[in-house]
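Heads up: the structure comes next, in structure tokens.
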Amino acid sequence: MMKHVPLYARSVLSLAILASFGQAAMAQAQPVSTLAPIVVRGQAANQGLAPAAPGGQAATGASVGILGNMDVMETPFSVTSYTSQLMTDQRARTVADVLANDPSVRKTTNTGHMFEHFTVRGLEVAGTDLLFNGLAGIAPYARVPVEFLERVEVLRGPNALIGGMSPGASLGGTINLVPKRAGSTPLTELTASYSSESYGQAHIDLGRRFGEEQRLGLRFNGVYGTGETGVEDQKQGRRLAALGLDYRGDDWKASLDTYYVREEVRNGSPAMYNFTRLGEVITPPNSSSNMFRDTKGVQEDKGIMLRGEVELTDHLSAYAAFGAANANGDGLMFGTRSIVTDFDGTALGYVYNVGTRARNRSVETGLNAEFTTGSVSHTVRLSAAAASYKEWVGNRANAGFAQNIYDPVTPVFPASPDNLAATQDNRMTSLALADTLGFANDRVLLTLGARLQRIDQKLLDYDESAVTPAIAVLVKPWGEDTALYANYVEGLSQGEVVPIYYDNAGESFKPFKTRQFEMGVKLRRGDATHTLSAFQIDKPSTLVAGNTLVDGGEQRNRGLEWTVIGKATKSVSVLGGVTYLQAKQRNTVGNYMAGSTIFGSPRWTANLGTEWTTPVQGLSVSGRMVYTGRQWLDSGNTVELPSWTRFDAGAKYETRLGNTPVTLYAYVENLFDRDYWEGTFSDSFATLSAPRTLRLAATFAF
């Protein structure tokens, strides 16, 4: 039974006003004259959010790291910024729910798992590598709740220039989380929500600005939820408290964001399934199957971030940001595995009792300026950053127990680990410089940049540096509604210190550079914006030759991508796209497995969501299709997961109870309750689909 009924909130009007303000400020900051001497013209480092695109599900622009906030049609990369309206309408709870709308993103962990990880363009983006308002390592560590987020921004492909190397060296792309801010209109919203099986949640969203000129803003989001999930007899609890403060001075502004998140699971978890011994997958069990009863896990995250910006003159601005985050996890955090040994579902089960601690600190400062030289405009960005990432992990596993995936038994949960061992003590520093040159009245934009990155891993005695250059061009040959673009960028990951069991033990490899070539076209037609792109990504790796670890391995991902946001007609919104991907292993020792397909890389993925504003006043209905093609489960290309298609549906009705505006929501994921193998967690381990989940909510605005 549902024990708690919730209170939820969102702000559309106030955020639209704030976004419009920021957009106007950007327009005013454009260079308007050309002088013989160089004249510096300023632009503040974070001018505000771009407004929502028609339909409100995505924005017309996004934050692009060191390059600042940019309109989609002026960004020489493939980007999408998902809005809080989308999160609210779809009743999203975590970032994974939001990214289910993206054709190039697939999650690699089960729904309901304590951690959420992803792939973008076939390369990993760990949940611990998400950016929080531009800084890495400061976002909540495991599952990120979305109730305090205004935007979830996705930049596809590796790009070390944009934000530097992430803590876990993720290469698929950049996912940036933008916190909510108070708008000009006072906001008080309470939301009560319920989802199957019997989970209830309360959410409060408060926004106020203070003073005669409304310079000081406050935004608070609080969530409390508890109840049973779609996994049979599993219970989950959520707590969130997030506060965002901002102040707008005459020539400066500052913001402070802080959050506390607690996620708890009790009596169960979804499993990950290995089929190596069988050589093929078998019929999936019921998606509500609970393989690990009597288990439990708790994750607590705390974070704080301070950002300030100042106009040093009318033509030059500076910014600085500092963030700190602590994460503590205990119990069932990961390792819920079933090794299937027979076609009747017989398996060996493994479960881990884990302790994790993480302590991350990050700081960044920079200068932004605009000037002209002759007929050429310049937007110059200089950034210096430093970060410390520390982690301790301990785990205790059971010895493996007899299990059957169709008729699960309850395992004995291992005791807590005796102590935690340091697994990471990394220092990263970087210096980046970028210049966007505008030609022909900015109809041609050329971006040149580079980042010098130092990687100091104390536990491995690894200290190396590398420069990652970038070049991108965007051309508008036929007006503002068509843009051609191309880029060459590099992603960075640490090299390896060769372990003791190789003949060349102790040797250090230089940092690996993953290279991307991309070209595409952006079209704004009516109220819809399309991005079509072709890309090639080359990712290097090490190889084992005899008993020596050597450099020279390479993975190549080639693909075509189409995304669309906006409106197809006056009453129908669209969001989604299609991705075609070829991910191949190229260089191997003795050409063993050369040309094989990288596991977990489906050739076709597609997402298409629509929302129809019906003739009934206040009523809109929506639907979403998610498709993932066939993919290899293992690196040996011996076990294949079949393709799958999922359908979701939703409805929203805006009305009044007396003088109180009320919005009613309903959203159903996996409408037809299909059981299917969703994807891969790691080499040879498959994840199971989530069961049909109904989410109901009512928001009261006061």
Every residue in the range 83-97 that is open to solvent by less than 10 Å² (accessible area, probe 1.4 Å), assigned to a helix (DSSP H, G or I) and either closer than 14 Å to residue 194 by Cα or of a type in the set (Asp, Glu) (or both), please. 88
Sort out which residues of the range 558-582 are open to solvent by less than 20 Å² (accessible area, probe 1.4 Å) and more than 20 Å from residue 521 (Cα to Cα), and write them in order of number. 573
Out of the residues in the range 468-487 that are loosely packed, with under 14 Cβ neighbours inside 10 Å and in contact (Cβ under 8 Å) with a residue 12 or more places away in the chain, state the one that is farthest from the chain's Cα centre (by Cα). 477
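Can you name every residue in the range 188-240 that is assigned to a strand (DSSP E or B), over 19 Å from residue 145 (Cα atoms) and open to solvent by 30 Å² or more (accessible area, probe 1.4 Å)?
Applying the first criterion (assigned to a strand (DSSP E or B)) to the range 188-240 yields 188-195, 199-210, 216-228, 235-240.
Pick out the ones that are also over 19 Å from residue 145 (Cα atoms) and you get 188, 208-210, 216-218.
208, 210, 216, 218 - these are the residues of the range 188-240 that are assigned to a strand (DSSP E or B), over 19 Å from residue 145 (Cα atoms) and open to solvent by 30 Å² or more (accessible area, probe 1.4 Å).
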Looking at 54, 76, which is the one that is assigned to a loop (DSSP other than H, G, I, E, B), crowded, with 24+ Cβ neighbours inside 10 Å and either out of contact with any Asp or Glu (no Cβ under 9 Å at 6 or more places or on another chain) or not hydroxyl-bearing (Ser, Thr, Tyr) (or both)? 76
Within the bounds of the range 299-307, is there any residue that is at pLDDT 95 or above, more than 29 Å from residue 422 (Cα to Cα) and not small (Gly, Ala, Ser)? yes
Looking at (1) open to solvent by 50 Å² or more (accessible area, probe 1.4 Å); (2) within 25 Å of residue 407 (Cα to Cα), which one does residue 314 not meet, given that it meets all the others? (2)
Kindly indicate whether any position in the range 112-124 is of a type in the set (Val, Ile, Thr) and part of a loop (DSSP other than H, G, I, E, B). no
Cβ pairs under 8 Å, 6+ apart, first in the range 143-169 and farther than 25 Å from residue 180 by Cα, second open to solvent by 10 Å² or more (accessible area, probe 1.4 Å) and hydroxyl-bearing (Ser, Thr, Tyr): 159/174; 165/430; 165/493; 168/128; 169/493
Of all the strands (runs of 3 or more DSSP E) wholly in the range 596-702, which have at least 3 residues that are farther than 14 Å from residue 90 by Cα? 604-613, 619-628, 644-657, 660-669, 677-682, 685-688
Strands (runs of 3 or more DSSP E) enclosed by the range 370-456 - at least 3 residues per element that are in contact (Cβ under 8 Å) with a residue 60 or more places away in the chain: 376-397, 421-439
Qualifying residue in the range 364-387 (condition: in contact with a helix residue (DSSP H, G or I) (Cβ under 9 Å, 6 or more places away or on another chain) and open to solvent by 50 Å² or more (accessible area, probe 1.4 Å)): yes
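Please verify whether residue 669 is touching a Ser or Thr at 6+ places or on another chain (Cβ under 6 Å), of a type outside the set (S, T, N, Q) and farther than 30 Å from residue 559 by Cα, treating the condition exactly as stated. Let's see the steps before the verdict.
On the way: touching a Ser or Thr at 6+ places or on another chain (Cβ under 6 Å): yes; of a type outside the set (S, T, N, Q): yes; farther than 30 Å from residue 559 by Cα: no.
For residue 669, the condition - touching a Ser or Thr at 6+ places or on another chain (Cβ under 6 Å), of a type outside the set (S, T, N, Q) and farther than 30 Å from residue 559 by Cα - is not met.
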Within the range 635-653, the count of residues that are of a type in the set (D, E, K, R) and modelled with pLDDT under 95 comes to 0
Hey, among 342, 294, which residue is more than 25 Å from residue 235 (Cα to Cα) and either open to solvent by 30 Å² or more (accessible area, probe 1.4 Å) or charged (D, E, K, R) (or both)? 342
Looking at this structure, is residue 116 of a type outside the set (Ser, Thr, Tyr), open to solvent by 10 Å² or more (accessible area, probe 1.4 Å) and without any contact (Cβ under 8 Å) to a residue 40 or more places away in the chain? yes
Only one of (1) open to solvent by 10 Å² or more (accessible area, probe 1.4 Å); (2) part of a loop (DSSP other than H, G, I, E, B) does not apply to residue 158, and that is (1)
Answer yes if at least one residue in the range 391-410 is farther than 30 Å from residue 334 by Cβ and of a type in the set (Asp, Glu), and no otherwise. no
Which of (1) under 30 Å from residue 290 (Cβ atoms); (2) assigned to a strand (DSSP E or B); (3) at pLDDT 95 or above is the odd one out, the single condition residue 311 does not satisfy? (1)
What do you reckon, is residue 656 over 26 Å from residue 562 (Cα atoms), free of Cβ contacts under 8 Å to residues at least 24 places away in the same chain and among the basic types (Lys, Arg)? yes
Give the residue that is farthest from residue 682 (Cα to Cα), with candidates limited to residues of the range 619-643 that are open to solvent by 60 Å² or more (accessible area, probe 1.4 Å), in contact with a Phe, Trp or Tyr (Cβ under 8 Å, 6 or more places away or on another chain) and not hydroxyl-bearing (Ser, Thr, Tyr). 642
Can you tell me how many residues in the range 546-557 are open to solvent by less than 20 Å² (accessible area, probe 1.4 Å) and among the polar types (S, T, N, Q)? 1
Looking at 656, 624, can you tell me which residue is at pLDDT 95 or above, farther than 23 Å from residue 701 by Cα and among the charged types (D, E, K, R)? 624
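The values are calculated or read from the model by the stated rules, or taken from the named source; none is laboratory data. Since this is a predicted model, take the numbers as computed values, not measurements. A quick note on method: Cβ atoms are made from the backbone with ideal geometry, for glycine too, and the neighbour counts reach across all protein chains shown. In case anyone asks, the SASA skips ligands and DNA or RNA and just uses the protein heavy atoms, side chains included. Shrake-Rupley method; radii C 1.70, N 1.55, O 1.52, S 1.80 Å.
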